[in-house]
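The values are calculated or read from the model by the stated rules, or taken from the named source; none is laboratory data. This one's a predicted model, so the numbers in the text were calculated from it and none came from an experiment. Because the Cβ atoms are built from the backbone with ideal geometry, glycine has one as well, and the counts that use them run over all protein chains shown.
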Amino acid sequence: MADLPFWTGCNRVPGIGIVRLRRLIDAFGSAEGAWSASRHALISAGLSANQADALLSVRATFDSEGELRRLRDAGVVGLPWDAPEYPPMLREAPGAPPVLFVRGVLPVYDRPWLAVVGTRHATAYGKSMTASLVRDVASAGVVIVSGFARGIDTAAHRAALDAGGMMVAVFACGLDVIYPPENRVLAMKMFRTGAAVAEHGLGTKPEATNFPARNRIIAGLCQATLVIEAGEKSGAFITANFANDQGRDVLAIPGPAFSPRSLSANRLIQDGARLVLSAADVLDALGVGARGSAEARESGAGLAPEDRELLARLSEQPLHTDELARQLDRAVHDVAARLTILELQGRVRCSSGMNYVVPG
């Protein structure tokens with residue numbers, strides 16, 4: 001990738017995204033040609049005077065060799081938009097970053113990639129649903145993509161790791177900056193078994209304006225986006241809109257009707273998003289055979305130990321939630337939340353009141 005220093009330099013210029021850069025490359029034949037062009041030539045190729053001046057200003061101070069050395073030292077690779085390794089789904093998306101920085105190993109592209117997004121302020125229901133569903137989906141070979149934020153994103157990354165699955169995190173900062181900081185151990189594990197990507201160069205802080213832009217990359221990498229708990233005007237809702245705009249599928253898990261944290265997910269379903277109740281629904285939407293997922297549900301594979309213990313107490317004879325909580329020595333509200341999720345997955349059925357059975 002001999003052109004990488006010039007792609008990286010152009011990537012630092014404010015106001016020059018992939019559309020303008022492609023025009024410059026068409027005009028000058030390469031990123032190196034665009035980077036080295038005179039002010040007059042840049043303006044003749046379609047840049048405004050301000051944009052041309054911005055490129056010349058960055059060019060005067062940008063240390064391309066030093067930048068490449070810092071990338072190597074950080075274990076980060078830069079993929080120009082025209083590199084064969086650049087994710088093909090993202091390349092097709094509007095606003096694809098001119099350079100995608102990668103830390104770790106990107107999964108292969110011959111299998112489905114699923115974006116899993118949701119609120120930072122996830123409820124127990126949202127976290128549990130994420131963990132259970134992502135475990136099954138990742139176990140089926142689907143690549144899990146999320147934004148590494150607190151809440152649903154973190155639950156999705158951890159579930160994919162627990163399942164031994166493949167995952168990609170999209171950072172809203174440089175790949176040498178771990179944010180949120182409490183996810184450092186998770187990040188180190190992810191760099192060994194998956195990958196993190198970003199459009200920002202090393203040292204970039206997680207500024208507020210970076211997060212909405214990050215969401216377009218999450219959607220652009222994937223065939224489909226799954227929304228789990230998203231409030232009004234949330235980042236997850238923005239990601240779903242990007243997916244819609246890119247012609248990708250949008251899936252959503254329903255939540256309580258009056259919960260503000262499920263408002264966007266429920267509205268997306270109203271507007272035509274595919275309703276998801278189980279991993280089988282996701283696999284079906286992605287065109288992946290669901291038989292393995294059904295067998296996993298029947299065997300209890302992919303479940304947390306506490307859920308397997310709960311299922312072991314149930315039979316075809318109704319058992320009340322309070323009695324289950326007493327037998328398991330767990331809080332009633334915790335058992336009730338887990339039963340709701342297991343019911344959505346088709347593993348248990350509410351026979352009457354708060355009595356539950358396993359389906360016959």
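State yes or no: is Arg12 under 20 Å from Gly78 (Cα atoms) and either touching a Gly at 6+ places or on another chain (Cβ under 8 Å) or surrounded by fewer than 17 Cβ atoms within 10 Å (Cβ to Cβ) (or both)?
On the way: under 20 Å from Gly78 (Cα atoms): yes; either touching a Gly at 6+ places or on another chain (Cβ under 8 Å) or surrounded by fewer than 17 Cβ atoms within 10 Å (Cβ to Cβ) (or both): yes.
Judged against the criteria, Arg12 is a match.
Among the residues of region 26-35, write down those that are in contact (Cβ under 8 Å) with a residue 24 or more places away in the chain and in a helix (DSSP H, G or I).
Of everything in region 26-35, those that are in contact (Cβ under 8 Å) with a residue 24 or more places away in the chain and in a helix (DSSP H, G or I) turn out to be Ala31, Glu32, Ala34, Trp35.
Within region 108-122, how many residues are modelled with pLDDT of 90 or more and either in a loop (DSSP other than H, G, I, E, B) or touching a helix residue (DSSP H, G or I) at 6+ places or on another chain (Cβ under 6 Å) (or both)? Please lay out each step first, then the result.
Residues of region 108-122 modelled with pLDDT of 90 or more: 112-122.
Now narrow it down to the ones that are either in a loop (DSSP other than H, G, I, E, B) or touching a helix residue (DSSP H, G or I) at 6+ places or on another chain (Cβ under 6 Å) (or both): 112, 115-122.
Number satisfying all stated conditions: 9.
Need the failing condition index for Gly220 against (1) more than 27 Å from Arg69 (Cα to Cα); (2) touching a His at 6+ places or on another chain (Cβ under 6 Å); (3) not aromatic (Phe, Trp, Tyr), just the number.
(2)
For region 90-129, what are the residues that are among the acidic types (Asp, Glu) and over 17 Å from Met167 (Cβ atoms)?
Once the filter is applied, which keeps residues that are among the acidic types (Asp, Glu) and over 17 Å from Met167 (Cβ atoms), region 90-129 yields only Glu92.
Quick check on this structure: which one of Arg135, Arg158 is under 26 Å from Leu311 (Cβ atoms), in contact with a helix residue (DSSP H, G or I) (Cβ under 6 Å, 6 or more places away or on another chain), among the charged types (D, E, K, R) and in contact (Cβ under 8 Å) with a residue 24 or more places away in the chain?
On the way: Arg158 fails: in contact with a helix residue (DSSP H, G or I) (Cβ under 6 Å, 6 or more places away or on another chain).
Checking each option against the conditions leaves just Arg135.
For Ala49, indicate whether it is surrounded by 12 or more Cβ atoms within 10 Å (Cβ to Cβ) and either at pLDDT 90 or above or more than 20 Å from Val102 (Cα to Cα) (or both). Step through it out loud before you land on a result.
Numbers: surrounded by 12 or more Cβ atoms within 10 Å (Cβ to Cβ): no; either at pLDDT 90 or above or more than 20 Å from Val102 (Cα to Cα) (or both): yes.
Answer is no for this residue.
Rundown of residues vs (1) over 13 Å from the mean Cα position of the chain (by Cα); (2) farther than 29 Å from Leu100 by Cβ, yes/no style:
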{"residue": "Gly201", "(1), (2)": "yes, no"}
{"residue": "Ile218", "(1), (2)": "no, no"}
{"residue": "Val227", "(1), (2)": "no, no"}
{"residue": "Ala230", "(1), (2)": "yes, no"}
{"residue": "Lys233", "(1), (2)": "yes, no"}
{"residue": "Asn244", "(1), (2)": "yes, no"}
{"residue": "Asp249", "(1), (2)": "yes, no"}
{"residue": "Ala280", "(1), (2)": "yes, yes"}
{"residue": "Asp284", "(1), (2)": "yes, yes"}
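Between Thr209, Thr225, which is under 20 Å from Leu106 (Cα atoms) and among the hydroxyl-bearing types (Ser, Thr, Tyr)?
None of the other options fit; the residue is Thr225.
Write out, first by first residue and then by second, each pair whose Cβ atoms fall under 7 Å of each other, whose residues are 6+ apart or on separate chains, and whose first residue, in region 2-14, is farther than 14 Å from Ala83 by Cβ while the second is in a loop (DSSP other than H, G, I, E, B).
Pairs that qualify, where the first residue is farther than 14 Å from Ala83 by Cβ and the partner is in a loop (DSSP other than H, G, I, E, B), are Gly9/Phe62; Cys10/Ile16; Cys10/Pro98; Arg12/Phe62; Arg12/Gly201.
If you check Ala230 against the conditions, is it in contact with a helix residue (DSSP H, G or I) (Cβ under 6 Å, 6 or more places away or on another chain), buried (at least 24 other Cβ atoms within 10 Å of the Cβ), in the same structural domain as Ala149 (by TED's automatic domain parsing) and at pLDDT 90 or above?
No, not satisfied.
Those residues that are charged (D, E, K, R), surrounded by 15 or more Cβ atoms within 10 Å (Cβ to Cβ) and outside any loop (DSSP other than H, G, I, E, B), I need them from region 177-215; list them, please.
Correct list: Arg214 only.
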